[in-house]
1. Has the range 458-473 got at least one residue that is over 17 Å from A283 (Cα atoms), of a type in the set (S, T, Y), at pLDDT 95 or above and part of a helix (DSSP H, G or I)?
2. Any idea which of (1) closer than 25 Å to S209 by Cβ; (2) modelled with pLDDT of 95 or more is the one P154 doesn't satisfy?
3. Pull out all pairs, ordered by first then second residue, where Cβ-Cβ is under 6 Å, the residues are six or more apart or on different chains, the first lies in the range 9-25 and is part of a loop (DSSP other than H, G, I, E, B) and of a type outside the set (D, E, K, R), and the second is modelled with pLDDT under 95 and buried (at least 23 other Cβ atoms within 10 Å of the Cβ).
4. Go through the range 163-181 and count every residue that is farther than 19 Å from P7 by Cα and assigned to a loop (DSSP other than H, G, I, E, B).
5. Name the residue that is nearest to A156 (Cα to Cα), counting only residues in the range 50-83 that are surrounded by fewer than 18 Cβ atoms within 10 Å (Cβ to Cβ) and of a type in the set (A, V, I, L, M).
6. Hey, could you check the range 130-158 for residues that are hydroxyl-bearing (S, T, Y) and in contact with a Pro (Cβ under 9 Å, 6 or more places away or on another chain) and say which is nearest to N482 (Cα to Cα)?
7. Could you list, ordered by first residue, the pairs with Cβ atoms under 9 Å in which the first is in the range 454-478 and of a type in the set (V, I, T) and the second is assigned to a helix (DSSP H, G or I), at least 6 apart or interchain?
8. Just for strands (runs of 3 or more DSSP E) wholly inside the range 323-401: which have at least 2 residues that are in contact (Cβ under 8 Å) with a residue 60 or more places away in the chain?
Amino acid sequence: MTEQTLPLCIAGQWRLGRGERYASYYPATGEPVAWLNAANVEDVNEAIEGAHQAFLHSGWAQRKPHERAAVLYRIAQLIREQAEELAQLQRQDNGKPIGETRNLVASAAGTFQFFAAACETLEETITPSRGDFVTMSVYEPMGVVAAITPWNSPIASEAQKVAPALAAGNAVVIKPAEITPLLALQLARLCEEAGLPKGLISVLPGKGSVLGDAITRHPLVKRVSFTGGTRTGKHIAHIAADKMMPVSLELGGKSPTIVLDDADLDHAVAGVLYGIFSSSGEACIAGSRLFVARALYEPFMLRLCAAAANIKVGNPADETTQMGPLISAAHRESVERYVALGLSEGGRLRLGGQRLTGDEYDKGFYYPPTILEGLSNDQRVCQEEIFGPVLIALPFDDEADLLDQANDSLYALAAGIWSRDYKRAWSLGRKIQAGTVWINTYKQFSISTPFGGWRDSGLGREKGRLGILQYMEQKSLYWGMNERPLAWASEHREVAP
């Protein structure tokens with residue numbers, strides 16, 4: 001890397017932020033990969049006011065849907081043309097293995113393509129007549145919307161917010177996670193290269209507690225879409241309530257993954273491993289609570305632990321790496337504290353639990369696949385989100401016992417079920433409280449399928465063909481077809497002498 005400071009995209013201009021200079025670090029080595037000046041509140045105001053002017057005067061909102069769609073298709077094409085460069089950049093930005101970052105880049109391209117199609121095929125409605133008038137329901141853009149994104153999958157998360165917001169005709173202000181700003185900046189460049197009018201997209205890296213708060217409170221911001229921690233999401237919701245502003249909140253999870261006594265063990269072992277240990281467990285939908293039928297518990301755990309011990313943890317640039325480092329030293333320490341807490345609560349280590357050391361491990365923030373058992377579902381490590389490669393294994397006796405434990409959580413984001421009996425799996429899937437339930441698979445996504453959580457896991461839904469409507473206001477139009485003036489006015493009209 002060079003010591004050159006990267007410019008930010010603020011109200012159509014690429015310039016240095018007014019905040020403090022800081023580095024983006026590569027989690028595999030702890031070394032800086034880029035320098036930039038954070039945005040400050042003055043930059044926030046300039047970006048939002050510029051976005052508002054661009055919304056009013058650029059003509060973007062007035063373009064025909066297929067014309068906006070053409071720009072989104074071009075963004076998707078540019079992402080694909082620069083896919084390897086973007087994947088390598090995300091690897092450096094947050095330490096994910098290169099195979100995973102390639103998939104995230106491909107997902108981002110698919111998201112822009114999908115919402116381009118959703119934009120140009122979105123239908124408005126002539127509703128059934130209930131009188132001497134024709135009624136219509138139409139959708140219009142909101143204005144300036146904010147996308148506040150997390151550090152664990154930047155380009156995919158940003159695409160899921162930016163693509164539908166732009167397709168709907170809005171201007172977008174992106175607040176990326178402070179420690180992973182590089183993909184959002186590159187995405188803004190691609191949007192401009194694709195023909196998006198200047199000012200319609202800004203990127204404001206920096207501290208979320210300062211910038212996110214200022215963005216959310218700004219009177220010109222008409223909607224916030226946030227992915228991140230539950231505490232921050234609730235804070236945003238309180239501000240939004242005072243503003244009467246809609247929000248989308250995709251928050252934490254403590255997802256149960258369930259192995260019934262008739263499960264295909266090959267599929268179940270592979271799925272449980274992928275559900276918790278891919279992305280180093282740094283995923284809101286990670287299957288972090290494992291419930292196994294008691295009769296199957298010990299043979300299943302033997303197979304699971306043997307397979308987990310063979311997961312390759314190492315250099316994210318290595319094509320064969322399955323788990324990279326955690327995002328930072330501070331986050332690794334948080335994971336370690338949770339493991340220590342689990343042991344203090346009476347848990348036993350079945351696998352892992354000790355920081356990896358030696359050569360490359362000493363440079364980065366690595367932590368191994370870790371499995372705890374001997375705990376009850378009401379203990380803290382079973383109730384609080386760890387956001388790391390830590391699995392809590394719990395046996396269950398029957399379906400009633402299982403449901404009591406699986407649904408006993410503040411979170412309700414996702415769940416997994418492993419069973420050969422599709423009727424049994426369907427019945428259980430309907431009883432599990434979660435926004436997404438995977439059956440005989442896990443952590444598979446489709447941009448065409450809505451995603452979100454219940455309870456402390458969030459509000460609203462992203463993705464899906466109608467996800468574009470999250471960023472639009474609905475308006476009803478009435479066209480009078482009556483031949484005579486409205487009767488009330490005619491009946492009460494005064495007659496001149």
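The values are calculated or read from the model by the stated rules, or taken from the named source; none is laboratory data. These numbers were taken from a predicted model, which means no experiment stands behind them. As a convention, Cβ positions derive from the backbone with ideal geometry for all residues, glycine included, and neighbour counts pool all protein chains shown.
1. Yes, the range 458-473 contains a residue that is over 17 Å from A283 (Cα atoms), of a type in the set (S, T, Y), at pLDDT 95 or above and part of a helix (DSSP H, G or I).
2. (2)
3. none
4. Step one: of the range 163-181, the residues farther than 19 Å from P7 by Cα are 163-171.
Filter again for assigned to a loop (DSSP other than H, G, I, E, B), leaving 168-170.
Total meeting the criteria: 3.
5. The extreme case among them is A83.
6. Of the residues in the range 130-158, the ones hydroxyl-bearing (S, T, Y) are 135, 137, 139, 149, 153, 157.
Narrowing further to those that are in contact with a Pro (Cβ under 9 Å, 6 or more places away or on another chain): 135, 149, 157.
On the way: T135: 13, T149: 51, S157: 50 Å.
So the residue we want is T135.
7. Listed by first residue and then by second, the contacts come to I468/F115; I468/A118; I468/C119; I468/A163; I468/P164; I468/A165; I468/A167.
8. On the way: elements: 348-351, 370-373, 390-396.
Counting at least 2 such residues, we get 370-373, 390-396.
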